[in-house]
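A.B. asks: Dumping the structure here so I can ask a few things about it.
The values are calculated or read from the model by the stated rules, or taken from the named source; none is laboratory data. From a predicted model like this one, the values you see are computed outputs, not experimental measurements. Quick reminder, even Gly has a Cβ in these numbers, built from the backbone with ideal geometry, and neighbours come from all protein chains shown. Ligands, DNA and RNA are excluded from the accessible area calculation, which covers all protein heavy atoms including side chains. Shrake-Rupley method; radii C 1.70, N 1.55, O 1.52, S 1.80 Å.
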Amino acid sequence: MKVLIVGGGGREHAIAASMRKSSRLEKLYCVPGNAGIAQIAECEPSIGVMEFDKIAAYAKEKQVDLVFVAPDDPLVGGLADVLKEAGLRVFGPDKKAAILEGSKAFSKDLMKKYHIPTAAYETFDNPDAALAYLETAKMPIVLKADGLALGKGVLICNTLEEARAGVKEIMLDKHFGNAGNCMVVEEFMTGREVSVLAFVDGKTICPMTSAQDHKRAKDGDEGLNTGGMGNFSPSPFYTKEIDDFCRKHIYQATVDAMAAEGREFKGVIFFGLMLTEEGPKVLEYNARFGDPEAQVVLCRMKNDILDVVDACIDGTLDKIDLEFEDNAAVCVVLASDGYPVSYEKGFEITGLHNFDGKEDYYCFHAGSKFDAEGRVVTNGGRVLGITAKGATLHEARRKAYEATEWVDFSNKYMRHDIGKAIDEA
């Protein structure tokens, strides 16, 4: 097969690396890609993920058999629909189904209608009405921009004063752009957070191994929300009992609800869960692989990813036995100091060769590119996802942090407590 991946981050590098293991892969392309993906795929950096017509033309020019749409913006924007209309085979939900991630108000209303466990909430498109509601609301409380906000449109407000400021930030100052035209106000839930990705073919759902993200920028879960500073898999808190409950009352229920709404979902659903005292509840849905969840989950998957992707598209997922290695993986993100607010780019990344031929170690590129001299330089807030596998979570974490010392760039920054929660398991 000839395959084109749309995207250019750490998630896409992990997907590309997984595809490289397939005996069915003939040629791999990526738009726009990055310096790491360019080592294993032919990249076209001049095409952006939102340039739908250019992507379709490039896919036809290269005569690809499959287009794998990885990021949220093009999925919510309807890239899968455009590609299908052009006669291309596509992995990823169409626009009608991608609204599961594209609108938090839609997803909350869906969960309420179909009795899928989630936090109590109210939705507002008028800032004055939101402010009036908050006057009598219980604190802390969570404010969520309705639309896509690069994983950052969620504010946890501990006081009424913070909540008022949050309404201003989201709805009046439009800090997250049009994503803040509508806002969800949600009860604050406590418990362990767990992420579960699942392949879906419209009716059947195959959950992958569990993972746990670290959203805050700084150690001890301090600082601003980011796209994710690290991850580990599996979560020791995600028991078989919890899995059984989620498969019945959350995972399959969500797929059935989308089908009942005439929004058949084919692709990957990301379930962000909170393990509360009352049981597991949905924090959020994403309509694609998480980042950096993909980095710790795909490296542990035994199946040929192209077999699973085909089954999702063809509606034959019930014939797939999804298997994962009996081990663990930890990803530590090396970021540009100052992320997610402001940071410098263009610093040379050294030491990448240290990963060559190292089994169980991975250096997934998130924000990198080649400069005019052909050097690999930083090109984003999150730069590299240093990932390692081990027999246990403790071993995987030790190896991942060991490997963070193998590479360097001028404003390298990371959290030092990724996976610390496993000490409490």
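A.B. asks: Could you go through the range 403-424 and let me know if any residue there is of a type in the set (A, V, I, L, M, F, W, C), part of a helix (DSSP H, G or I) and out of contact with any strand residue (DSSP E or B) (no Cβ under 6 Å at 6 or more places or on another chain).
C.D. replies: Step one: list which residues in the range 403-424 are of a type in the set (A, V, I, L, M, F, W, C), which gives 403, 406-407, 409, 414, 418, 421-422.
Restricting the remaining residues to those that are part of a helix (DSSP H, G or I) gives 403, 421-422.
Now restrict to residues that are out of contact with any strand residue (DSSP E or B) (no Cβ under 6 Å at 6 or more places or on another chain): 421-422.
For the range 403-424, residues of a type in the set (A, V, I, L, M, F, W, C), part of a helix (DSSP H, G or I) and out of contact with any strand residue (DSSP E or B) (no Cβ under 6 Å at 6 or more places or on another chain): present.
A.B. asks: Considering the range 193-227 alone, what residues qualify as being at pLDDT 95 or above, of a type in the set (K, R) and part of a strand (DSSP E or B)?
C.D. replies: Correct list: K218 only.
A.B. asks: Further question on the same structure: Among the numbered conditions (1) under 30 Å from L275 (Cβ atoms); (2) modelled with pLDDT of 95 or more; (3) among the acidic types (D, E), tell me where D371 comes up short.
C.D. replies: Of (1) under 30 Å from L275 (Cβ atoms); (2) modelled with pLDDT of 95 or more; (3) among the acidic types (D, E), only one is false for D371: (1).
A.B. asks: Now a separate question. With the requirement that a residue be part of a loop (DSSP other than H, G, I, E, B) and open to solvent by 10 Å² or more (accessible area, probe 1.4 Å), what does the range 381-402 give you?
C.D. replies: Listed by number, the residues that qualify are A391, T392.
A.B. asks: Still on this structure: Taking the range 144-196 as the region of interest, how many residues are within 17 Å of the chain's Cα centre (by Cα) and open to solvent by 60 Å² or more (accessible area, probe 1.4 Å)?
C.D. replies: Residues that pass the stated criteria total 2.
A.B. asks: A follow-up question, please. Just for helices (runs of 4 or more DSSP H) wholly inside the range 75-133: which have at least 3 residues that are over 15 Å from G267 (Cα atoms) and of a type in the set (D, E, K, R)?
C.D. replies: Here the list reads 104-113.
A.B. asks: Would it be correct to say that L88 is without any contact (Cβ under 8 Å) to a residue 40 or more places away in the chain, within 18 Å of D310 (Cβ to Cβ) and surrounded by 19 or more Cβ atoms within 10 Å (Cβ to Cβ)?
C.D. replies: no
A.B. asks: Determine if the range 353-374 includes at least one residue that is among the small types (G, A, S) and within 26 Å of C206 (Cα to Cα).
C.D. replies: No - not one qualifying residue is present in the range 353-374.
A.B. asks: Restricting the range 9-40 to residues that are buried (at least 24 other Cβ atoms within 10 Å of the Cβ), of a type in the set (G, A, S) and in contact with a helix residue (DSSP H, G or I) (Cβ under 7 Å, 6 or more places away or on another chain), which is farthest from R288 (Cα to Cα)?
C.D. replies: G36
A.B. asks: State the number of residues belonging to the range 106-143 that are free of Cβ contacts under 8 Å to residues at least 60 places away in the same chain, open to solvent by 20 Å² or more (accessible area, probe 1.4 Å) and within 27 Å of G77 (Cβ to Cβ).
C.D. replies: So the count comes out to 6.
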